[in-house]
Amino acid sequence: MDNLRNINFNRLKYLIPAVPLILFLIIFFLLPQIAMVEFSFGEALAFGKIKHVFTLKNYVNFFTDPFYLRVLLNSFFLGVAVMVVTIPSGYVLAYALWKSEGTKRKILYICILFPLFTNLVVRLYGWRIMLSSAGPISWFFQAVGITDHPVNMLFNWPAVVLGLFTECMPYYVLILFSVLTLINPRYIDVAHDLGASKIKAFLKVTWPLSLPGVIAGSILTYIWSFGAYATPTILGQPKQWTLAVHAERQILSIRDWPYGSAMGIIILFFTLLIMYIQSRLFKGVQTYR
Amino acid sequence: MNNIAVNSKNLIKKFGEVIALNNVNLEVETGDFYFLLGPSGCGKTTLLKIIGGLETPTEGSIIIAGKDMTWVPANKRNTAMIFQEWALFPHMNVYDNIAFGLRMKKVSSVEIKKKVEELLILLRMSGYESRMPFELSGGQQQRIAMARALAIEPDVLLLDEPLSNLDLKLRQQMRVELVKLHKEIGKTFIYVTHDQTEALSMATKIAVMNMGEIEQVGTPKEIYESPVNDYVAKFIGDANELHGIIYKKDSKIIFETESGLRFQVGIENQEALNSNKVICIIRPEHIKILLESDSKPTNYFQGTIDDFSYFGKQIRLRVKIDESDDILFMDIFSTEMDEIRHGKPVTVGFDSIHTIMF
């Protein structure tokens with residue numbers, strides 16, 4: 001009987017260091033989420049107050065409003081666009097990192113990780129400067145003779161995609177790289193030995209074995225872009241704002257908490273839906289050793 | 001028709017400052033079961049990889065079936081390699097693994113099906129087509145690796161310690177199977193190992209390697225009975241090693257160890273007579289425990305049992321010779337001696353013709 005008590009206690013005590021974190025997450029994450037769900041079923045009153053009734057009005061309004069449906073669609077496409085740009089270029093970078101050695105590898109590491117050492121907003125303002133009509137790129141184009149007037153590359157979809165691309169790239173590269181390092185180089189030796197050219201060996205061996213990394217990295221990229229907030233705000237016009245930005249506006253500017261909360265929940269819902277679809281679609285893809 | 005399947009000319013391989021292969025001249029005849037035998041780091045795997053095309057030499061050339069293949073990439077050579085860890089493609093099933101090389105050659109799927117089935121029958125793995133590598137045991141993976149290599153019908157099959165990852169019983173079984181397979185398909189096999197038992201029992205020719213050089217090439221019998229130097233003598237089989245000097249006395253050649261033990265030896269090269277440092281090798285199977293009634297060999301001494309190791313069928317005795325500090329070890333059958341204990345006095349002896357001198 002004594003032994004039993006000892007065992008249970010021993011196990012429980014390992015949870016103690018986690019308690020502060022659990023409390024933090026409950027108070028600052030879980031509870032606000034629950035509150036948001038509750039708000040989304042409420043009715044907006046003046047000055048940001050909420051009438052706590054149960055109504056589906058917010059959701060109905062959202063899905064019948066062509067404006068917001070457009071925003072939702074844009075958010076979907078934005079995710080796809082960023083993915084399309086990130087997947088191949090990130091693969092090249094991850095592959096180069098994988099094949100490099102010694103000093104070259106260290107330099108590549110630093111280049112890839114460097115953006116993560118600076119604050120996102122600061123970086124985005126950096127792009128603001130780079131892409132503006134008074135910025136260095138525009139100057140360069142004029143100097144070389146590609147254009148004869150200042151070029152403004154900001155406040156359009158490409159600028160937003162570019163910003164998100166630079167944001168997601170490091171994570172995609174690192175995820176893919178970690179999967180690539182799991183591939184035993186022996187397999188490529190075998191492929192060559194059996195008659196495969198370098199390209200064939202890549203297509204038949206390296207690519208399939210790296211697929212789990214590509215998928216994991218792409219999903220992260222998609223989710224990040226779909227729910228992006230800072231980049232569309234800083235590099236885009238209202239036309240390019242994603243749903244997340246609109247949710248913030250609803251709550252903080254327009255002070256329609258229920259409507260904004262509903263948008264937030266809709267973002268959450270679609271993010272979870274995407275992750276679910278990924279897990280079903282790619283469940284056959286395992287990480288092999 | 002070329003009789004030589006593979007040969008290398010003055011092959012040198014350096015990794016930075018380290019010399020992995022130092023002027024290797026290899027000659028493998030077609031149909032040989034040729035073994036590269038040596039300890040870790042002697043260069044045998046590097047040599048194999050150079051033959052297969054996965055490494056390029058620093059200097060020298062590799063000629064396969066009469067053609068200079070030194071700079072031909074691995075995928076254009078007609079060699080196939082089997083690695084120690086077999087390395088079956090983990091994301092493909094057995095059928096696709098075996099078919100891989102054939103698909104690279106753009107063989108028709110009808111042909112491929114036929115070939116894969118043939119090979120599975122040959123290696124006694126029929127019915128395993130749709131299994132994945134992780135579902136197979138070590139021995140099964142090994143056989144599929146063989147099938148995959150044989151599918152492309154290579155001129156030379158290169159095996160890099162393929163049995164090292166198997167347990168003893170399975171290894172012994174696979175050795176027999178490999179020898180059978182070699183006889184059946186008649187291709188040239190080049191096999192790398194550090195296990196001399198494997199080499200002795202399977203090879204038609206052995207090249208004993210040491211630090212990037214080939215010390216001796218010969219049949220297992222030649223290598224074992226007539227080693228050219230003490231390295232080969234010690235690497236193959238067991239050896240009692242005694243250091244000392246030799247001199248002539250009454251038309252006999254006497255060897256005297258550093259601690260004063262003297263016995264008669266037979267030597268083939270008279271040169272050794274003039275050198276001061278001589279090594280005498282005596283194989284344990286040539287030393288016998290002598291009973292009262294036995295006829296005495298050329299040399300015999302009184303000694304005491306210093307230590308013994310039990311190996312089931314045999315017991316290895318270490319006997320300290322009474323008149324000096326030397327210890328000789330020998331093997332006896334467990335049934336030979338009734339009582340074995342530390343300190344028991346025994347008489348041991350060996351013939352002078354069984355001494356190998358360097």
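The values are calculated or read from the model by the stated rules, or taken from the named source; none is laboratory data. In this text, all values refer to a predicted model and were calculated from it rather than measured experimentally. Here Cβ is always computed from backbone atoms with ideal geometry, including for glycine, and neighbour counts include all displayed protein chains.
Screening A:I254 with (1) surrounded by fewer than 21 Cβ atoms within 10 Å (Cβ to Cβ); (2) modelled with pLDDT of 90 or more gives one miss only, at (2).
Taking the conditions exactly as written (surrounded by 17 or more Cβ atoms within 10 Å (Cβ to Cβ), more than 30 Å from B:D167 (Cβ to Cβ) and modelled with pLDDT of 90 or more), does B:L36 satisfy them or not? When the stated conditions are applied, B:L36 does not pass them. State yes or no: is B:V24 in contact with a Gly (Cβ under 8 Å, 6 or more places away or on another chain) and at pLDDT 90 or above? In short, yes. Taken over the range A:220-229, residues that are surrounded by fewer than 21 Cβ atoms within 10 Å (Cβ to Cβ) and either touching a residue at least 40 places away in the same chain (Cβ under 8 Å) or within 10 Å of chain B (Cβ to nearest Cβ) (or both) amount to 4. Scanning the range B:51-78 for residues that are of a type in the set (A, V, I, L, M, F, W, C) and facing chain A (nearest Cβ under 8 Å) turns up B:L54, B:A74. All of B:E129, B:E111, B:E117 fail the test of being part of a loop (DSSP other than H, G, I, E, B), more than 23 Å from A:K198 (Cβ to Cβ) and out of contact with any Gly (no Cβ under 8 Å at 6 or more places or on another chain), apart from B:E129. Residues in the range B:84-95 that are surrounded by 19 or more Cβ atoms within 10 Å (Cβ to Cβ) and assigned to a helix (DSSP H, G or I): B:V94 alone. Residues in the range B:63-76 that are free of Cβ contacts under 8 Å to residues at least 40 places away in the same chain and part of a loop (DSSP other than H, G, I, E, B): B:M69, B:T70, B:W71, B:V72, B:P73. If you go through the range B:139-188 and keep only what is out of contact with any Asp or Glu (no Cβ under 9 Å at 6 or more places or on another chain), farther than 16 Å from B:L123 by Cβ and within 14 Å of chain A (Cβ to nearest Cβ), you end up with B:D155, B:V156, B:D160.
Here are some residues: B:I253, B:I236, B:I214. Which one is at pLDDT below 90, among the hydrophobic types (A, V, I, L, M, F, W, C) and over 11 Å from the mean Cα position of the chain (by Cα)?
Working: B:I236 fails: over 11 Å from the mean Cα position of the chain (by Cα); B:I214 fails: at pLDDT below 90.
After applying the criteria, what remains is B:I253.
Just so you know, in the range A:155-194 the residues that are part of a loop (DSSP other than H, G, I, E, B) and surrounded by fewer than 22 Cβ atoms within 10 Å (Cβ to Cβ) include one that is nearest to the other protein chains (Cβ to nearest Cβ), and it is A:N184.
Picking from B:S309, B:S295, which residue would you name as being assigned to a loop (DSSP other than H, G, I, E, B) and of a type outside the set (A, V, I, L, M, F, W, C)?
On the way: B:S309 fails: assigned to a loop (DSSP other than H, G, I, E, B).
Of the residues listed, the single one that is assigned to a loop (DSSP other than H, G, I, E, B) and of a type outside the set (A, V, I, L, M, F, W, C) is B:S295.
For the range B:149-184, the tally of residues that are part of a helix (DSSP H, G or I), touching a helix residue (DSSP H, G or I) at 6+ places or on another chain (Cβ under 7 Å) and within 23 Å of B:L102 (Cβ to Cβ) stands at 3.
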